[in-house]
Every structure is written in C-alpha cells, then in structure tokens.
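Undergrad: Please read through the structure below; I'll follow up with questions.
The values are calculated or read from the model by the stated rules, or taken from the named source; none is laboratory data. Here the structure is a predicted model, which is why all the values come from computation and not from measurement. Neighbour counts are summed over all protein chains in view; Cβ atoms, including those assigned to glycine, are modelled from backbone coordinates with ideal geometry.
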Amino acid sequence: MAKKESIALIKGDAIKELKKIKDDSIDFVLTDPPYNLGLFMKNRATNLSALRKNHFSGKEWDNLEINDWKENMEQLFFQLDRVLKEGGNLIVFMAVIKIETLINIAEKNNFYYKTTGIWHKKNPMPRNKDLHFINSNECWAYFVNNKKTGTFNNKGKTIHDFFETALTSSKEKEFGGHPTQKPLPLMDHLIQILSNKGDTILDPFMGSGSTGVSASRLGRNFIGIELNGDYVKIAKQRLKKSKQCQLDL
Ligand SMILES: C[S@@+](CC[C@H](N)C(=O)[O-])C[C@H]1O[C@@H](n2cnc3c(N)ncnc32)[C@H](O)[C@@H]1O
C-alpha cells in the first residue's frame, strides 16, 4: 500500500506554534497571512464593513499600526528561517504595497529574494466599475532560505511569474467559505514547481486549509496553523474528504 502523507492541523497563534516546530524540518512554506490593510482602508474612509466581508478575515493581524505589523513579520521570518531547511522555498502572498517592506524583513532573516509574482483573477467582483480599474490581482513574494536557489521543477519549460485562475469555486467551499480562500489550481501550481513528493509543507496562516488540500493530494506532508477554530474545522473537513491521509489531529 502507498505510504500515507502525514497531516497536522493546529489551532493556535502562528508565532507561538512555530516555536514548537523543530529546526530545519520544513521543505517549503506556502502562506497567505492577513495583509494588514484595515487601518489603511479606515484612514481613506473606505466602506470597511463591506470590504471586510469580502477581503479580510483575521482581525488579529489586519488592524495593526504599521510598526506593530512589522514587528510581527520580523518574528514570523525569524521563525521561518529557523524551521526551514537550507535551500527551502518560501512563498508569502501579500498586498503589492507591502512587498518592499516584506523583502527588507526577509533579507535581514537570511532569505534570498527571487521573484514577485501575480495571481490574476479572471472573474473579480466588478465593484464600482465605472469609477476605477477593477482590482483583479494579488501578489506573492518568493524567497529561498540561506541559498540562491531551491527546488524548481520547471521540467525544461519557461514558467512566467503570472498565473491566472477563476475565483475559488463554490464546490471548494462546500464545508463553509473563507473570505480570502485561495483556489486549489493556484496552490497546486506553486506546490508542484517548488516542492517534491514526500516533502513537508507548512502554512502558519492556513485559513480553510487550501495549502493543505493541495499538499495532500500531491503527495506532500502538511502542517497547518490557524487561530480561528471555525476555519480549522473547515480545513479538517476538506482534508478528510480530499484524501485518505493520516490526520494527526
Ligand atoms: C488570508 S487568510 C488565509 C486564507 C487561506 N489561504 C485559505 O485559502 O483559506 C489568513 C488567515 O490567518 C489567520 N490568522 C490571523 N492571525 C493569525 C495568527 N496570529 N496566527 C494564526 N493564524 C492567524 C486568519 O484567521 C485567517 O484565516
């Protein structure tokens, strides 16, 4: 019988739980932390409650003063440097206006900056379409830990720093939705290129577990951390359904 992947889903705070993970034990970190756009939007008198329903989720890291957010990110990168193997890949989804700050923090913590990539949404909500350009993309920053290159499975092909999908389908939200749930084809794309079968992938802000579902169906081990118990429940249900993996709950 084929070996089952090991999956651990942890309810708790990212930094506190990361401290319990062994040094040099993770091959790839793929994560989508809150973008901390709460105060920025509030100061611009944006209709925050409407936006929050659609875009924001974790109140904890969303409404911080910029210096407090930077301090959290410093602690996050310090821990990621410790738990990732040398040459381990790191992808962090982030708002484009924060990318330079993120790169500075990553470089201070021994990460080599590679790329800023784009996820383009084919069918974004056309909110206020007669007033401005419709926001249809999100960014991810790609780093390698302590080395200039990590696993990169391009199989001889040219791979652009741009990937297009539809918004997360309702089928992927059958156990309840997450406001910023990432579509599985996007996670599959990144996991196939940046890790190998049998690797261990970590997502310290896993939300509804999209990274974990992709990891398990592609034969990778997974560790997910999430503060909100309702999202942990959704992640458990999604993972149980996606594959008969060994759930270390
Ligand atoms: C942008 S969402 C991730 C969504 C995920 N990519 C998905 O597809 O469902 C960020 C998540 O981080 C969680 N979060 C916020 N602060 C946290 C913390 N301190 N520790 C762990 N998780 C946290 C939020 O509850 C939220 O679910």
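Undergrad: Can you work out which of the residues in the stretch 219-229 that are outside any strand (DSSP E or B) and touching a Gly at 6+ places or on another chain (Cβ under 9 Å) is farthest from the ligand (Cβ to nearest atom)?
TA: GLY219
Undergrad: Moving to a separate point now. Find the residue count for the stretch 230-243, including only residues that are among the small types (Gly, Ala, Ser) and more than 10 Å from the ligand (Cβ to nearest atom).
TA: 1
Undergrad: Could you figure out which of (1) surrounded by 15 or more Cβ atoms within 10 Å (Cβ to Cβ); (2) assigned to a loop (DSSP other than H, G, I, E, B); (3) away from the ligand (no atom under 14 Å from the Cβ) isn't true of GLN181?
TA: Only one criterion is unmet by GLN181, namely (3).
Undergrad: Within the stretch 138-163, which residues are surrounded by 15 or more Cβ atoms within 10 Å (Cβ to Cβ) and either part of a strand (DSSP E or B) or of a type in the set (Ser, Thr, Tyr) (or both)?
TA: Residues satisfying the conditions are GLU138, CYS139, TRP140, ALA141, TYR142, PHE143, VAL144, ASN145, THR151, PHE163.
Undergrad: Only residues that are under 17 Å from LYS241 (Cβ atoms) and modelled with pLDDT of 95 or more: list them for the stretch 174-194, please.
TA: GLN181, PRO183, LEU184, MET187, ASP188
Undergrad: When you go through SER170, SER136 one by one, which is the residue that is more than 25 Å from PHE28 (Cα to Cα) and within 16 Å of the ligand (Cβ to nearest atom)?
TA: From the options SER170, SER136, the qualifying one is SER170.
Undergrad: Still on this structure, please answer the following. Inside the stretch 1-30, can you point out the residues that are within 14 Å of the ligand (Cβ to nearest atom), touching a helix residue (DSSP H, G or I) at 6+ places or on another chain (Cβ under 7 Å) and not hydrophobic (A, V, I, L, M, F, W, C)?
TA: Within the stretch 1-30, LYS11, LYS19 qualify.
Undergrad: Is there any pair linking a residue in the stretch 204-218 that is in a loop (DSSP other than H, G, I, E, B) to one that is within 6 Å of the ligand (Cβ to nearest atom) and of a type in the set (A, V, I, L, M), with Cβ under 8 Å and at least six apart or on different chains, and which?
TA: PRO204/ALA14; PRO204/ILE225; PHE205/ALA14; PHE205/ILE225; MET206/ILE225
Undergrad: List the residue pairs whose Cβ atoms are under 7 Å apart, where the first residue sits in the stretch 22-49 and is of a type in the set (D, E, K, R), the second is in a loop (DSSP other than H, G, I, E, B) and at pLDDT 95 or above, and the two are 6 or more positions apart or on different chains.
TA: ASP27/SER195; ASP27/ASP199; ASP32/LYS182; ASP32/PHE205; ASP32/GLY207
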